[in-house]
Amino acid sequence: GCLESVLRQDYPNIEHIVLDGGSSDGTVDVLRQFDDRIALWRSEPDQGVYDAWNKALLEARGEWICFLGVDDEFLPGAVSAYMALAANNPKAEYLSSRVKWVHPSGYERIIGCPWTWREFSRSMCTAHVGSMHRRSLFDRLGTYDTSYRIVADYELLLRARSQLNAAFLPATTVMMRAGGLSSPPIALEEQARAKVE
């Protein structure tokens with residue numbers, strides 16, 4: 001699963017932080033098994049995924065920060081590929097790639113395009129899952145707006161407007177399982193609000 005996909009990465013300097021929303025499904029027992037291989041884990045109630053991400057931002061010490069959901073998995077070599085991209089694009093503050101989106105029915109498709117303000121101002125053309133954010137981006141833009149349930153990742157990057165320094169990796173780095181929060185009507189409504197405010 002998600003934990004193992006991070007632990008299997010070949011990049012040597014990964015600070016792995018896990019925030020669980022206080023689930024009672026045995027997650028804590030699993031996390032205890034990885035105690036010596038995870039930098040920090042915590043299980044406590046939160047106000048949703050973006051609240052958890054904001055809490056993780058307070059703990060993270062690395063220069064590059066990435067968010068994976070419980071059903072997301074890094075593909076082998078993902079972090080090394082991203083760090084090579086970062087080295088080749090020293091001014092970049094947001095790195096994205098392609099993502100394999102998998103539906104429970106078995107249907108799969110590849111999502112994620114290079115960031116351009118023209119496209120991004122219309123809709124979230126990049127695949128946020130597994131993308132990398134330089135710490136200075138949060139210093140400049142702030143943290144996730146928890147009034148959004150689904151598109152706070154999009155809204156945060158919209159704050160940069162055309163001034164986002166982005167780089168794209170034309171490779172698939174993450175597998176994302178469909179489901180969870182991404183309800184199309186709510187997502188469209190929130191996306192419209194994010195673009196107006």
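Tell me the residue from Glu63, Glu93 that is in contact with a helix residue (DSSP H, G or I) (Cβ under 7 Å, 6 or more places away or on another chain), in contact (Cβ under 8 Å) with a residue 60 or more places away in the chain and closer than 22 Å to Asp10 by Cα, please.
Going through Glu63, Glu93 in turn, just one is in contact with a helix residue (DSSP H, G or I) (Cβ under 7 Å, 6 or more places away or on another chain), in contact (Cβ under 8 Å) with a residue 60 or more places away in the chain and closer than 22 Å to Asp10 by Cα: Glu63.
If I ask for residues that are closer than 21 Å to Arg140 by Cα and over 16 Å from the mean Cα position of the chain (by Cα), which ones from region 88-117 would you list?
Residues satisfying the conditions are Asn89, Pro90, Lys91, Ala92, Thr116, Trp117.
For the criterion of being in contact with a helix residue (DSSP H, G or I) (Cβ under 8 Å, 6 or more places away or on another chain) and either hydroxyl-bearing (Ser, Thr, Tyr) or open to solvent by 20 Å² or more (accessible area, probe 1.4 Å) (or both), Thr116 fails. Exactly one residue among Val70, Val49, Val79 is open to solvent by 70 Å² or more (accessible area, probe 1.4 Å), of a type in the set (A, V, I, L, M) and touching a residue at least 12 places away in the same chain (Cβ under 8 Å), and that residue is Val70.
If the condition is being out of contact with any Phe, Trp or Tyr (no Cβ under 7 Å at 6 or more places or on another chain) and surrounded by fewer than 19 Cβ atoms within 10 Å (Cβ to Cβ), then region 102-113 contributes Val102, His103, Pro104, Ser105, Gly106, Tyr107, Ile110, Cys113.
If the condition is being open to solvent by less than 30 Å² (accessible area, probe 1.4 Å), modelled with pLDDT of 95 or more and part of a loop (DSSP other than H, G, I, E, B), then region 135-152 contributes Gly142, Tyr144.
The values are calculated or read from the model by the stated rules, or taken from the named source; none is laboratory data. Given the structure is predicted, the values throughout are model-derived calculations rather than measurements. Heads up, the Cβs are rebuilt from the backbone with ideal geometry, glycines too, and the neighbour counts pull from every protein chain shown. Protein only, heavy atoms only, side chains kept; ligands, DNA and RNA dropped before computing areas. Shrake-Rupley method; radii C 1.70, N 1.55, O 1.52, S 1.80 Å.
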